[in-house]
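Structure record follows, encoded as structure tokens.
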Amino acid sequence: MSHTTLALGATALFAAGCVWYLPAAAALRAGADRPYSHRIAAASCLAFWGTPAFLAVLLLTPAPWAALGAVAAAGVLTAAALLAVARLQRTREQHEETERWSTLRRTLPTLDEPRPAPARPQLTFLLYLLPGNIVASVLAATVLLTADSLTRQSAITATMTAVGISAASLALAGTRAQATRRH
């Protein structure tokens, strides 16, 4: 395979990675607004996705394969090392945060807050709506799959049956949810 074709592939790979390296670049630009571990991980991401871009440029030159392999390995190893450091730093940051919260919890009095009441009308609505929609879907699929030949009439029949059952299920679910809300 020619160097030009590989350079085009490396460029396409670099372009496809923009969903990872653009947010990483933004995190680095944010500076101290982001945790240190997050910035190190962003640098790792940039090193990883910058490797194909650098390789694309090198592939357009008459560089030997050994040099290209060395550059690729160096980019991947740099990214892996930065990622390992970021994970260690993240562990330290989480440990410090846990210590801060435990200190805060020891200094504040415990408060017994009342729990919110369960959302019974919503639950009732779902319990009446879902079985109806499941039955409608299964019935429509059965009508369509068991028909000898798929005609317009069988498709309309299946659709109208499913819509009717779903509408009835929706009306019943709404009525039951209203009745639950009143009690």
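The values are calculated or read from the model by the stated rules, or taken from the named source; none is laboratory data. Small disclaimer: the values here were computed from a predicted structure and weren't measured. All Cβ positions, glycine included, derive from the backbone under ideal geometry; neighbour counts span all protein chains shown. Heads up: the accessible areas ignore ligands, DNA and RNA and are worked out on the full protein's heavy atoms, side chains in. Shrake-Rupley method; radii C 1.70, N 1.55, O 1.52, S 1.80 Å.
Taken as a whole, the condition of being at pLDDT 75 or above and under 35 Å from the mean Cα position of the chain (by Cα) applies to residue 165.
Among the residues of segment 140-167, those that are under 30 Å from residue 123 (Cβ atoms) and surrounded by 13 or more Cβ atoms within 10 Å (Cβ to Cβ) comprise 140, 159, 161, 162, 165, 166. Here residue 54 passes the criteria (1) in contact (Cβ under 8 Å) with a residue 40 or more places away in the chain; (2) touching a Gly at 6+ places or on another chain (Cβ under 9 Å); (3) surrounded by fewer than 18 Cβ atoms within 10 Å (Cβ to Cβ) except the one numbered (1).
The residues of segment 29-39 that are open to solvent by 70 Å² or more (accessible area, probe 1.4 Å) and not aliphatic (A, V, I, L, M), listed by number, are 29, 33, 34, 36, 38. Scanning segment 168-178 for residues that are touching a residue at least 24 places away in the same chain (Cβ under 8 Å) and out of contact with any Gly (no Cβ under 9 Å at 6 or more places or on another chain), we see that the one that is surrounded by the most Cβ atoms within 10 Å (Cβ to Cβ) is 177.
Of 26, 66, 42, all but one fail to be free of Cβ contacts under 8 Å to residues at least 24 places away in the same chain, exposed (fewer than 12 other Cβ atoms within 10 Å of the Cβ), farther than 27 Å from residue 1 by Cα and out of contact with any Lys or Arg (no Cβ under 7 Å at 6 or more places or on another chain); the exception is 26. If the condition is being among the charged types (D, E, K, R) and open to solvent by less than 80 Å² (accessible area, probe 1.4 Å), then segment 69-96 contributes only 93. Scanning segment 125-139 for residues that are open to solvent by less than 70 Å² (accessible area, probe 1.4 Å) and within 30 Å of the chain's Cα centre (by Cα) yields 125, 129, 131, 133. For residue 100, the criteria (1) farther than 30 Å from residue 37 by Cα; (2) at pLDDT 85 or above; (3) of a type in the set (Lys, Arg) hold in every case but one, which is (1).
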